[in-house]
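Where a number appears in this text, it was derived from the coordinates with a stated rule and is not lab data. This structure is a prediction, so every number in the text was calculated from the model and none was measured. Quick reminder, even Gly has a Cβ in these numbers, built from the backbone with ideal geometry, and neighbours come from all protein chains shown.
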Amino acid sequence: MPKLLIGLGLALVILTVYTLVDCAVFDRKRIRGLPRWVWIFVIVLVPLIGPLLWLLVGHGRSTPTSRSFRSVAPDDDLDFLRGLNGGGVTTATSENRPFNQKDQQERIRRMEQDLAELDKNDPAPGKGTGADPKKKQEPGEGEQPGRRDV
């Protein structure tokens, strides 16, 4: 039994020294959870649990990995744009836009014509209706009997 305890104690000392050295020389940017000096105190002051926590939590990845899967907006994804046009990539020129400058000007002209026609068909307020244009005809508006604010 004493040989087992000596063996376990020696293993604990080796584990503690290994994790202490590992923490001391480990890249500062890859240490997770706590600052380096706190990890050193945890490793030294909390036997067995401190070194295990360092190995499981504090010890970051061995090689820093960059995110290879980055989300890309659909208008920046060339594969997505090729799929829309049947193989052609959409560019920023006015010929390839869904609504180019010429189409937009034509649309604005048609809308202005429609508004002008609506104005021609709509009589001026107060003319031909027999109503006083100064008074409001909407329910709940205007002068009402018994109101004190009138």
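You can think of it this way: the chain between L4 and F80 has 20.9 nm of extra reach, that is 0.36 nm per residue less the Cα-Cα gap.
Which FRET efficiency, nearest 0.05, do A11 and V46 yield, Cβ-Cβ r, R0 22 Å?
Efficiency, from the Cβ-Cβ distance: 0.85.
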